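To start, the structure itself, in structure tokens.
The values are calculated or read from the model by the stated rules, or taken from the named source; none is laboratory data. The shown structure was predicted, so the numbers you read here are calculated from the model rather than taken from an experiment. Here the Cβ is made from the backbone with ideal geometry for all residues, glycine too, and neighbour counts use every protein chain on show. Side chains included, ligands, DNA and RNA excluded: accessible areas come from the protein's heavy atoms. Shrake-Rupley method; radii C 1.70, N 1.55, O 1.52, S 1.80 Å.
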Number of protein chains: 2
Amino acid sequence: VQAGSPILHGYFRSSCSWRVRIAFALKGVEYDQLPVNLIKDGGQQLTEEYKALNPMQQVPAVEIDGTTLSQSLAVIQYIDETRPGPRLLPADPKARAQVRMISDLIASGIQPLQNLYVIQKIGAEKMQWSQHFIDRGFQALEPILKQTAGKYCVGDEISMADICLVPQVYNAERFKVDVGKYPTIKRLNEALLEIEAFQVSHPSRQPDTPDDLRA
Amino acid sequence: VQAGSPILHGYFRSSCSWRVRIAFALKGVEYDQLPVNLIKDGGQQLTEEYKALNPMQQVPAVEIDGTTLSQSLAVIQYIDETRPGPRLLPADPKARAQVRMISDLIASGIQPLQNLYVIQKIGAEKMQWSQHFIDRGFQALEPILKQTAGKYCVGDEISMADICLVPQVYNAERFKVDVGKYPTIKRLNEALLEIEAFQVSHPSRQPDTPDDLRA
């Protein structure tokens, strides 16, 4: 990786970090990874050093083009707007709106309710709590995707919506949600996992993946 | 309002509905409102009729240009990309990324944790829970805004970040968070509340505002 390449501060199993890794892979952008272990030492995201990069003390944070960005969808759209390669949002405004609607349903409507910091506060009920909010989100997402999907979430081109979907399905499986109840979500996830950008960015293949979880 | 105008299905006090009202007002777009009372009859967003508009059973949902969109930031960016008037996202990619980062910090990092459906599940602790997550978000937002803000959240032009900030401060006040602890947030909120688009869209001035809360 060359000097001046973007640096991703992330965690192998963080779904929001995985989103950014997929975007870099789809665009063919080389980048460095500096792992932030969310569990070790009580959570390396809580250090003062990391807080200066992302005051929310969450991953990812991305150093790119002389600035530091957090919030994965902001990062992905910045990559899309500044790098060549396949579009991550379609050109048509209505299709763009559908991509953003699906992305935000996941990024605002599901993921925040099952992220590590929140379920640490929930305590003993955290498995049920997470399942509840993932199921609730997927029940809404399934009929929307039935209308918008072709080969992928919106039509036949890969977009930011797909980038959000696959890591959320991975989380659902971790929390033992029966994804088979959502046939469109299941089909799209399987199709996307065939694609190299989703494979190389997978949590099982990162520099900080523990040996027992490595593919 | 003319035939073919957008229809906003919203609720006077919903911060996500308010975001969309501000965007319409800034752009000078006329629209109809069809109120969805989140409290009455156990919550009108839970009807089958409304579920067909927004399967997440949340407000807002917007009927526009022959399609129905939900997720406020997707709606706002669609309005921005299809209507004349002042830009709601700046032209420069880095500034756009900052606007989206701030918007997402609020829309994914704060609001989902204090929305009605979630705090109904939290029960008796809901005031403390909401205060905790709003304070946590504002502690992160304050240093970010210190770096990005001019007259408004990002530089001197009003953007989607401002559209997200003001309704979140309104929520913070409802949950008795001391906004005075965050001088940049406080200053920006006060400056923005001087602007007509933020005033006409305010929860105290909507068709469904109860008389005792009306300005």
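Computed over chain A, the P(r) curve from all C-alpha pair distances, binned at 5 Å from the origin, holds 1, 7, 15, 20, 21, 18, 11, 6, 2, 0 percent per bin. At a probe radius of 1.4 angstrom, the accessible area of the protein assembly as shown per residue rounds to 41 square angstrom. Contact residues in region B:16-55 (at least 20 Å² less accessible area with all protein chains than alone, 1.4 Å probe): B:Pro55. Listed by chain and number, the aspartates and glutamates placed with their C-alpha closer than 16 angstrom to that of A:Lys94 are A:Asp104, A:Asp156, A:Glu157, B:Glu63, B:Asp65, B:Asp80, B:Glu81; residues fewer than eight positions away on the same chain are left out. Here region B:103-133 and region B:56-92 have alpha carbon centers that stand 24 Å from each other.
In chain B, what percentage of the DSSP-assigned beta bridges are antiparallel, given to the nearest 5? Walk me through the intermediate numbers first.
Working: 7 of 12 bridges.
Roughly 60 percent of the DSSP beta bridges within chain B come out antiparallel.
The charge dipole of region A:93-198, taken about the Cα centre with unit charges on the Cβ atoms of Lys, Arg (+1) and Asp, Glu (-1), comes to about 320 debye, rounded to the nearest 20.
You can think of it this way: the chain between A:Ser5 and A:Asp211 has 71.5 nm of extra reach, that is 0.36 nm per residue less the Cα-Cα gap. Take each residue in A:143-154, count the other chain C-beta atoms within 10 Å of its C-beta, and the mean is 1.
For region A:8-52, which GluC sites (Glu not before Pro) are both in a DSSP coil and crowded by at most 15 other Cβ atoms within 10 Å?
Details: sites: A:Glu30, A:Glu48, A:Glu49; in loops: A:Glu30.
Those satisfying the criteria are A:Glu30.
Interface area, chains B and A: about 3800 Å² of buried accessible surface, summed, with a 1.4 Å probe and ligands, DNA and RNA left out.
Comparing the full protein assembly with the isolated chain (1.4 Å probe, heavy atoms, ligands and nucleic acids excluded), the residues of region B:65-93 losing at least 20 square angstrom of accessible area are B:Asp65, B:Thr67, B:Leu69, B:Ser70, B:Gln71, B:Ala74, B:Gln77, B:Tyr78, B:Glu81, B:Pro93. The share of accessible area on the protein assembly as shown that comes from carbon and sulfur is 48 percent, using a 1.4 angstrom probe.
For n ≥ 4 DSSP H runs only, could you compute -39500 (n - 2.57) per run for the protein assembly as shown, divide by its residues and tell me the 222 nm figure to the nearest 500? Mean residue ellipticity at 222 nm (helix-derived): -15500 deg cm²/dmol.
Estimated at the nearest 10 Å², the accessible area of B:Tyr152 is 30 Å² with a 1.4 Å probe.
As I understand it, the dipole of chain B uses +1 on the Cβ of Lys and Arg and -1 on the Cβ of Asp and Glu, about the Cα centre. Which of B:Met127, B:Pro90, B:Ile22 lies farthest toward its positive end? It is B:Met127, whose Cα lies furthest towards the positive end. Taking only the C-alpha atoms of the protein assembly as shown, Rg followed by Dmax gives 20.4, 63 Å.
Of the peptides B:62-75, B:153-166, the order by per-residue mean of other Cβ atoms within 10 Å, starting with the highest, comes out as B:153-166, B:62-75. Of the whole protein surface, B:Ile7 contributes about 40 Å² of accessible area at a 1.4 Å probe radius.
Computed extension gain for A:Glu196 through A:Glu173, at 0.36 nm per residue and net of the alpha carbon distance, reaches 6.2 nm.
Take A:Asp208, push a point 7 Å out from Cα through the beta-carbon direction, and compare it with the same point in every other copy: 4.3 nm, smallest first.
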